[in-house]
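Here is the structure we will look at, set down as structure tokens.
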Amino acid sequence: MDFSALILSILEIAAIVPIGFFCLLIFDRDSVIPKPWSLWLYSGIFLSLSAIGGYLRVLFKFNVNMIILAVTFATIAYVLLMLKTAKLKILYIFTSGGAVSSSLRLYGYLLEAYLNSNKTFVDNLGWGLLLRWVITAAFIVLFALMIKKIRWLMYESDIDNLWKVLWLVPLIFDVANMMTVPHDFSLMRLGRVGQIYTTIVTTLVIMQLVFHAMLYTIAKNLADKVRINEEARLLSMQASQYQKLQKHIETTSKLRHDFKHMAHTASTLAKEGNTEALVELLGGYGELVDSAHSRMVFTKNSALNALMCFCYENAIQHNINCDWQIRLPEKPGISDVDLCTIVGNLLENAIHAATEAKDDNKYINFKADMEDNGEIYIVSTNGFSGHIEKHKDKYLSTKSFGSGIGIESVKSTVRRYNGYSNFYNDDRTFFVDIMLKI
């Protein structure tokens, strides 16, 4: 047995292994088994498969491309089995890694073509394979530097509806790379063929990197736009509550100013024995005092309280019974924008649903609490008409202008805090359970 050929074959087949590692590391929070176990199990299985594939190629002259294809499908199956993440996101990462790997393979072929023009692409490659692994190591370092951004794109960006198309783009690059594999290395030395081939391969690599960079930039800009809109909405609500607070201050100031006149009048009526007029005066003044102190205070967090007051007034205007309890500190450890994004979307959806419910089912129960361990729990139940629209397990908006974006925004924000969210319903009630790890 030619051991050098065996080692080269194993290394060529094992070049697919890092792609699976990328998937497992990016989506590690969704692993069905502990991450270390998953990574060690993956390493053992696929390094063994690479060794077996190398033996089959050297001893039985199996086609290396068929072996690589088999290992690739096995890798995809393992990753899909071990991760609970949306399958299209996994396919996007996998096909992206595959496209990069196939591009590096082309550079290896190109180097071998210049060094050994008498070889064909099915021969064992030495220096070309070394170049491929050196560039792979560079990409692994780049991946380590970019993993936070990649995780953000996978977990926190609001482009879930696009993954069904996005994963096909790197797949197209992968197919294009396979179509450019040279069948005769001697052709690389004819005229400018080698130069043109190098340009084509490099252009494909640059196009891949530009595509991924553009995707991240667009997703980031969309997220920033959503955040700015949420901040603007929050500021609008705070401005509305500030105006009401100013009115409240002016009213109480007037009451304090008028109190001495009321006291003098009451004293005069008491001396005259006009109890009927005295009772009427005190009753009227009591109503004014009650009205002046009717401002709701749900929480010490001013941003959240402004939002709650705004939503509460909206609910009361629609004759919705509200039982809302907020037991959160003034600074709960989550940004005001994120907290108000979650609560605002939940209450907005609940109010819209309860408005369309029958009179005996118009209610919203909403509770938010923080445990000693720093976890925030939010529970909401509300009545609704019984009409619900879902696609698979995803709720769709019943608003004529919406598409369920509110719920997806809540889920995205919850994922950012490594939390948990569950939305479900029966015939009359819609339920929401949320946990945030602060």
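Tabulated data for the structure shown
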{"read-out": "Cβ-Cβ under 6 Å pairs, at least 6 apart or on other chains, the stretch 44-73 side in contact (Cβ under 8 Å) with a residue 40 or more places away in the chain, far side of a type outside the set (Val, Ile, Thr) and surrounded by fewer than 18 Cβ atoms within 10 Å (Cβ to Cβ)", "value": "Gly54/Leu6; Val58/Ala5; Val58/Leu6"}
{"read-out": "Number of the condition not met by Gly194 [criteria: (1) free of Cβ contacts under 8 Å to residues at least 60 places away in the same chain; (2) surrounded by 17 or more Cβ atoms within 10 Å (Cβ to Cβ)]", "value": "(1)"}
{"read-out": "Test: Glu230 is within 19 Å of Ile90 (Cα to Cα) and among the acidic types (Asp, Glu)", "value": "no"}
{"read-out": "Inter-residue pairs, beta-carbon under 8 Å, first over 22 Å from Leu6 (Cβ atoms) and in the stretch 109-124, second modelled with pLDDT of 80 or more, 6+ apart", "value": "Leu110/Gly128; Leu110/Gly194; Leu110/Tyr197; Leu110/Thr198; Leu110/Val201; Ala113/Gly194; Tyr114/Gly194"}
{"read-out": "Among (1) surrounded by 12 or more Cβ atoms within 10 Å (Cβ to Cβ); (2) assigned by TED's automatic domain parsing to the domain that holds Gly97 - the single one Val141 does not satisfy", "value": "(1)"}
{"read-out": "One residue from Ser117, Ser103 being over 20 Å from Ser9 (Cβ atoms) and modelled with pLDDT of 85 or more", "value": "Ser103"}
{"read-out": "Selection status of Ala99, surrounded by 13 or more Cβ atoms within 10 Å (Cβ to Cβ), in contact with a Leu (Cβ under 7 Å, 6 or more places away or on another chain) and not β-branched (Val, Ile, Thr)", "value": "no"}
{"read-out": "Unique residue being touching a helix residue (DSSP H, G or I) at 6+ places or on another chain (Cβ under 6 Å) and not aromatic (Phe, Trp, Tyr) when the list is Ser157, Ser186", "value": "Ser157"}
{"read-out": "Residues within the stretch 406-435 that are crowded, with 16+ Cβ neighbours inside 10 Å and either touching a strand residue (DSSP E or B) at 6+ places or on another chain (Cβ under 7 Å) or at pLDDT below 75 (or both), tallied", "value": "14"}
{"read-out": "Selection from the stretch 189-231 of residues that are among the charged types (D, E, K, R), part of a helix (DSSP H, G or I) and more than 20 Å from Tyr155 (Cα to Cα)", "value": "Arg189, Glu231"}
{"read-out": "Residue in the stretch 4-18 that is modelled with pLDDT of 90 or more, under 31 Å from the mean Cα position of the chain (by Cα) and either exposed (fewer than 14 other Cβ atoms within 10 Å of the Cβ) or not assigned by TED's automatic domain parsing to the domain that holds Ser102 (or both) present", "value": "no"}
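Results for (1) under 25 Å from Gly108 (Cβ atoms); (2) not in a helix (DSSP H, G or I), shown as yes or no for each residue.
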site: Leu6; (1), (2): yes, no
site: Ile10; (1), (2): yes, no
site: Ile19; (1), (2): yes, no
site: Ile33; (1), (2): no, yes
site: Ser38; (1), (2): no, no
site: Leu41; (1), (2): no, no
site: Tyr55; (1), (2): yes, no
site: Phe73; (1), (2): yes, no
site: Val79; (1), (2): yes, no
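The values are calculated or read from the model by the stated rules, or taken from the named source; none is laboratory data. Just so you know, these numbers come straight off a predicted model, no measurement behind them. Positions of Cβ are backbone-derived with ideal geometry, glycine not excepted, and every protein chain shown enters the neighbour counts.
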